[in-house]
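One structure is given here, and the rest of the page talks about it.
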Amino acid sequence: MLQKLGLFIFLAAFGLFIGTLGMNNYKLTNEILEKNFKEDALLDAKIELASMIDQNYSNSYTFASELSEGINQLNKVYNAQQAWDKKIYEDTILSIVKASANGYLTDNKGLMFLLTFGLAIIGALLFILPEIQKPAGIKNDGIYFNPAMTRKWLGISIGTFLIVFYIALYFKPQYIANWTMLVDPVSKLINGGEASRWFMYGFLYTISVLVMGIRYIIRYRHSKYQIFRTLSIMFFQTCIAFILPEIMSNLNLPSADLKNMWPLDYSFFFNYRIDKLIAGGTFGIFLLIWGIVLFVVGVPVMVYFFGKRWYCSWVCGCGGLAETLGDPFRQLSDKSLKAWKIERYLIHGVLAFAIIMTIGVLYTYFTGSYNLLGFIPTESLKSSYGFLIGSIFSGVVGTGFYPLMGNRVWCRFGCPLAAYLGIIQRFKSKFRITTNGGQCISCGNCSTHCEMGIDVRAYAQKGQDIVRSSCVGCGVCSAVCPRGVLNLENAETGTRVMIAPDVLLGNLMEK
Amino acid sequence: MEHVVIIGNGISGITAARHIRKQSDCKITVISGETDHFFSRTALMYVYMGHMKFEHTKPYEDWFWEKNRIELKRAWVKTVDFEEKKLYFRLPNDDNDKEAKIGGSISYDKLILALGSTPNKFGWKGQNLKGVQGLYSYQDLESLQEMTPQIKKAVIVGGGLIGVELAEMLHSREIDVTFLVRESSFWNTVMPPEESALISRHIAENHINLQFSSELDEIIGDENGQVKAIRTKSGDEIECQFVGLTVGVSPNIALLKVPQGNMIGREKPAFVLGVGGIKLNRGILVNEYLETNIPDVYAIGDCAEHETPQKDRKNIEQIWYTGRIMGETVARTICGKPTKYQPGIFFNSAKFFDIEYQTYGQVPAELPSDTKTFYWEHSSGKICVRINYQANSAELPLRRTDPKAVMGVNTFGIRMRHEVWDEWITSGKSIEYVLENLPTANFDPEFFKQYEKEILEKYNAETGSSLILKSKKGIFSKLPFVNRHS
């Protein structure tokens with residue numbers, strides 16, 4: 001009953017959230033243009049957008065698309081003139097849309113925030129919290145009857161929404177200007193300014209991790225490993241990824257997500273970021289060194305002792321979202337041998353791409369030459385990586401495909417950091433999933449619920465330890481095993497059982 | 001090329017096929033009428049509860065069989081001609097027509113019978129009504145799924161492992177379940193009283209209506225031949241749309257049986273002769289090499305009955321891993337290296353709703369006179385450990401050399417390491433040694449609360465000893481006897 005009410009409230013809030021996109025009136029004025037354009041482009045803009053000035057638009061879509069069209073025209077001209085510095089990017093368009101808006105939403109941001117985000121959170125919690133009345137233990141009943149979790153109509157709808165959301169967020173933020181407006185009150189509270197699209201995204205992301213993290217903890221509350229792990233990802237997302245960078249910039253320090261690292265943070269070595277850190281004085285230099293030490297020393301040492309799980313399922317933001325928001329979809333990962341082959345080509349391909357791209361960027365940074373080895377154009381390496389991997393793969397596909405290919409699509413097939421952590425885990429680490437003698441009954445719960453698509457059972461039923469570069473150590477295989485067969489452990493590297501024994505424990509015939 | 005034919009694609013038959021393929025190049029054919037591919041029978045319950053799909057119960061992908069040159073044939077075997085070394089298939093849909101024409105045949109050089117089990121029915125009135133079934137085969141799952149929308153109330157007869165699984169399954173679909181158990185406490189023919197009480201409490205806590213000391217008298221049908229109620233021996237009538245019969249399983253050997261004469265007045269013989277003179281009792285009789293009395297014919301898994309069972313082993317073993325071990329063993333024999341069936345120290349495991357159970361060694365329901373027992377239960381009433389050990393008396397026939405050597409363990413709610421317990425029981429470690437080193441056997445995930453200290457303190461208090469913990473959890477790599485190579 002309470003759960004139905006919660007679901008209703010959540011859906012109502014979500015409906016209103018979508019509805020806010022149609023709210024407000026829009027009017028472009030000369031003042032707005034003056035604020036948003038550099039002097040050398042202002043006149044062009046005034047001429048190009050003359051027909052829009054002081055016109056009333058009742059619809060954000062019409063307004064944003066007319067505005068984008070005009071600015072596209074300008075950019076075309078600048079492209080032709082090779083006047084790259086005059087080009088206008090989507091953030092400018094977004095802030096023009098925001099500045100032009102007026103109406104109920106603009107005047108009642110706080111109320112609208114509560115009615116959308118606030119109610120959605122309350123509704124979700126009402127839906128989630130009553131689950132605590134059920135006895136603790138694995139509660140997977142009905143997963144395969146649920147249209148959201150089995151690629152049925154609801155799953156496809158959620159996936160479509162997420163894909164459209166990410167495309168808008170990355171490439172067409174002017175159409176979701178009203179959503180950034182909704183979180184302005186939060187932004188003002190934290191950093192005193194208006195919300196950027198990335199603030200909006202960060203806020204939404206953090207809320208998702210927290211609310212769905214509570215769901216996860218209730219769901220797996222019989223396991224302390226799962227509770228601690230989830231509290232850890234909730235902490236790192238909220239404090240380290242979301243709040244701390246805001247505090248840093250409030251203090252006029254260069255801001256950074258201290259747990260993010262190259263090559264996942266692929267722009268770490270981009271010239272503007274290095275310059276900014278160096279300009280940031282001692283603290284900036286510290287951040288630069290911290291970022292390098294993290295992946296040069298931190299990764300190998302920590303993976304050696306604990307496996308890649310220390311990062312992927314305890315710290316990482318992408319992993320954090322996958323483990324919380326993505327948990328209902330974990331069973332959708334493909335367990336076939338073919339998928340494993342594709343995975344290895346893809347993820348190591350992306351790692352190689354990231355390394356070459358970064359070498360190119362650093363080469364340009366230090367030499368000023370835009371052609372690595374004389375023929376590789378570093379700028380297009382950089383921009384194609386950003387577009388293909390940074391936006392499309394990690395965002396649109398990585399999260400948008402949760403309900404279609406499972407919650408770790410990015411982590412499994414694309415993340416270059418996961419590839420790097422995985423290589424060390426596979427070849428030099430104390431971590432393994434131990435199998436318990438002859439107890440396996442091949443039921444397949446472990447494989448079904450492995451978000452990384454590892455066929456865990458294939459190892460368990462022949463008494464071989466699971467040592468796979470992709471394993472993020474979420475521990476769910478061990479949790480769902482009905483016979484106590486699987487356990488995540490760290491012990492001497494040489495003790496990992498890499499080759500299945502000829503005869504399993506329990507059969508006394510000669511080996 | 002020699003042709004090995006295996007009837008049955010369960011764990012025994014498939015393990016045999018895989019291991020024969022590893023050791024030999026012969027032609028292998030596996031026949032099953034149940035499904036196209038091997039699946040994990042134990043996982044059918046999870047399909048019903050929506051934890052997984054049927055395809056997830058298949059331990060090998062479908063391409064595996066062709067790649068490993070294991071031919072699969074989907075057919076029911078009608079009869080076997082052991083003289084001609086030939087199998088004859090049933091025509092489709094002739095289940096009830098014993099005289100129907102034969103639907104093709106196949107010749108073999110060696111035959112492995114891995115026929116599995118069939119749920120017991122003890123001749124109750126109404127046992128063949130619609131809505132009355134066991135839960136063993138894929139077809140059982142299908143018919144249960146088909147009936148589910150019409151079931152509001154269900155009765156389960158028989159308090160064993162399949163019974164509690166069926167209760168959990170029906171409960172997951174919001175069906176009211178009444179569980180008739182003949183004994184005075186759940187599974188107390190296998191479990192000591194404390195464990196039996198612990199499971200009974202947990203089943204009741206999950207809103208299953210457990211009725212002890214209650215026996216089925218008859219199943220009552222409506223005018224359509226559909227079950228509508230049952231009557232117990234004490235005369236109670238319980239309304240239901242489904243009756244689950246889970247009173248054990250028996251070897252599925254109908255295809256080998258021939259009509260028997262009137263047995264009244266004769267003593268029950270040790271065996272009867274089935275089709276072609278194959279020796280049968282409750283199962284197919286086999287020697288320690290898993291050979292039947294007919295040359296080149298073997299029987300493994302649930303359908304095999306051991307003429308001379310190993311110590312501490314039953315003559316019919318219906319456990320997943322014993323089927324697997326028989327498959328591993330018979331493969332050696334067939335590939336020219338005669339090998340005896342030698343299961344080691346007994347072990348098993350199960351899950352009762354949310355409580356996991358593991359056992360190693362011997363922990364009988366009734367304590368034998370040469371055995372002592374130590375039992376600890378957590379205050380929650382959901383976690384317990386029982387360790388049986390040799391009584392410290394030289395006059396009793398000691399099975400192992402050490403006084404107080406451990407004989408077996410039951411553990412509920414704490415996972416333990418198979419290899420550690422196997423070693424402790426095999427080498428006859430004393431109860432004191434085991435309790436002091438109990439954390440070594442702990443297989444629970446990281447950060448789980450450990451109870452070894454509490455357990456040890458209870459033993460100290462009961463016996464006046466002053467043992468102290470001497471090991472920590474998770475150091476199995478340092479154990480000298482665990483020989484692990486990378």
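The values are calculated or read from the model by the stated rules, or taken from the named source; none is laboratory data. Given the structure is predicted, the values throughout are model-derived calculations rather than measurements. Backbone-built Cβ (ideal geometry, glycine too); neighbour counts: all protein chains shown.
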| said: Looking only at residues that are within 14 Å of another protein chain (Cβ to nearest Cβ) and not in a helix (DSSP H, G or I) in region B:1-22, which one is nearest to B:Trp65 (Cα to Cα)? | reply: B:Asn9
| request: Identify, by number, the condition in (1) free of Cβ contacts under 8 Å to residues at least 60 places away in the same chain; (2) among the aromatic types (Phe, Trp, Tyr); (3) surrounded by 23 or more Cβ atoms within 10 Å (Cβ to Cβ) that A:Phe329 doesn't meet. | output: (1)
| Does region B:338-346 contain at least one residue that is more than 14 Å from every other protein chain (Cβ to nearest Cβ) and at pLDDT 95 or above? | no
| query | If A:Val297 satisfies every condition in (1) β-branched (Val, Ile, Thr); (2) under 24 Å from A:Ile356 (Cβ atoms); (3) within 14 Å of chain B (Cβ to nearest Cβ) but one, which is the exception? | reply | (3)
| request: For region A:215-250, name all the residues that are polar (S, T, N, Q) and within 14 Å of another protein chain (Cβ to nearest Cβ). | output: A:Ser223, A:Gln226, A:Thr230, A:Ser232
| What tally of residues in region A:358-376 results from selecting those that are in a helix (DSSP H, G or I) and of a type in the set (A, V, I, L, M)? | 3
| Does B:Ala331 fit the bill of being surrounded by 18 or more Cβ atoms within 10 Å (Cβ to Cβ), at pLDDT 95 or above and within 14 Å of another protein chain (Cβ to nearest Cβ)? | yes
| note | Restricted to region B:34-84 and to residues being aromatic (Phe, Trp, Tyr) and part of a helix (DSSP H, G or I), the residue nearest to the other protein chains (Cβ to nearest Cβ) is B:Tyr46
| Mind checking which residues of region B:417-433 are within 16 Å of B:Gln362 (Cβ to Cβ) and buried (at least 23 other Cβ atoms within 10 Å of the Cβ)? | B:His418, B:Trp421, B:Trp424, B:Ile425, B:Ile431
| said: Suppose we keep only residues that are of a type in the set (D, E, K, R), within 14 Å of chain A (Cβ to nearest Cβ) and out of contact with any Leu (no Cβ under 7 Å at 6 or more places or on another chain) within region B:443-457. Which one would you say is surrounded by the fewest Cβ atoms within 10 Å (Cβ to Cβ)? | reply: B:Lys449
| Taking A:Glu379 and the conditions (1) in contact (Cβ under 8 Å) with a residue 60 or more places away in the chain; (2) not in a loop (DSSP other than H, G, I, E, B); (3) not hydrophobic (A, V, I, L, M, F, W, C), which numbered condition does it fall short on, given that it satisfies the others? | (1)
| Which one is surrounded by the fewest Cβ atoms within 10 Å (Cβ to Cβ) among residues in region B:211-252 that are more than 19 Å from B:Lys130 (Cα to Cα) and touching a Gly at 6+ places or on another chain (Cβ under 7 Å)? | B:Gly248
| Which listed residue is without any contact (Cβ under 8 Å) to a residue 12 or more places away in the chain, aromatic (Phe, Trp, Tyr) and either assigned to a helix (DSSP H, G or I) or under 30 Å from B:Ala167 (Cα atoms) (or both), from A:Phe165, A:Phe161 | A:Phe161
| So A:Asp334, is it at pLDDT 95 or above, in a loop (DSSP other than H, G, I, E, B) and more than 14 Å from chain B (Cβ to nearest Cβ) | no
| field | Condition met for B:Ala167 (modelled with pLDDT of 95 or more, over 19 Å from the mean Cα position of the chain (by Cα) and among the aliphatic types (A, V, I, L, M)) | value | no
| request: Go through region A:82-130 and give me each residue that's within 28 Å of the chain's Cα centre (by Cα) and among the hydroxyl-bearing types (Ser, Thr, Tyr). | output: A:Tyr89, A:Thr92, A:Ser95, A:Thr116
| field | Positions within region A:448-505 being more than 7 Å from chain B (Cβ to nearest Cβ), among the hydroxyl-bearing types (Ser, Thr, Tyr) and in contact with a helix residue (DSSP H, G or I) (Cβ under 7 Å, 6 or more places away or on another chain), in sequence order | value | A:Ser469, A:Ser470
| message | Given the condition touching a strand residue (DSSP E or B) at 6+ places or on another chain (Cβ under 9 Å) and in a helix (DSSP H, G or I), answer yes or no: does some residue in region A:297-304 qualify? | response | yes
| How about region B:329-447: which helices (runs of 4 or more DSSP H) wholly inside it have at least 3 residues that are touching a residue at least 24 places away in the same chain (Cβ under 8 Å), under 18 Å from A:Arg483 (Cβ atoms) and under 27 Å from the mean Cα position of the chain (by Cα)? | B:418-426
| said: Given the condition more than 26 Å from A:Lys109 (Cα to Cα) and exposed (fewer than 12 other Cβ atoms within 10 Å of the Cβ), answer yes or no: does some residue in region A:17-32 qualify? | reply: no
| said: Criterion first (surrounded by fewer than 18 Cβ atoms within 10 Å (Cβ to Cβ), more than 22 Å from A:Ser249 (Cβ to Cβ) and among the aliphatic types (A, V, I, L, M)) does A:Val293 satisfy it? | reply: yes
| remark: Counting only residues in region A:116-158 that are part of a helix (DSSP H, G or I) and in contact with a Ser or Thr (Cβ under 9 Å, 6 or more places away or on another chain), the one surrounded by the fewest Cβ atoms within 10 Å (Cβ to Cβ) is identified as A:Tyr144
| field | Of all residues making up region A:49-89, the number that are at pLDDT 90 or above and of a type in the set (D, E, K, R) | value | 4
| Matching option when the condition is farther than 20 Å from A:Asn490 by Cα and more than 9 Å from every other protein chain (Cβ to nearest Cβ), among B:Thr463, B:Thr440 | B:Thr463
| Residues (within 19 Å of A:Arg219 (Cβ to Cβ) and in contact with a helix residue (DSSP H, G or I) (Cβ under 7 Å, 6 or more places away or on another chain)) located in region A:143-163 | A:Ile143, A:Ala148, A:Met149, A:Thr150, A:Gly155, A:Ile158
| message | Only one of B:Val258, B:Val190 is among the aliphatic types (A, V, I, L, M) and either surrounded by 21 or more Cβ atoms within 10 Å (Cβ to Cβ) or not assigned by TED's automatic domain parsing to the domain that holds B:Asp140 (or both). Can you tell me which? | response | B:Val258
| query | Does region A:416-423 contain at least one residue that is at negative phi, surrounded by fewer than 21 Cβ atoms within 10 Å (Cβ to Cβ) and more than 14 Å from every other protein chain (Cβ to nearest Cβ)? | reply | yes
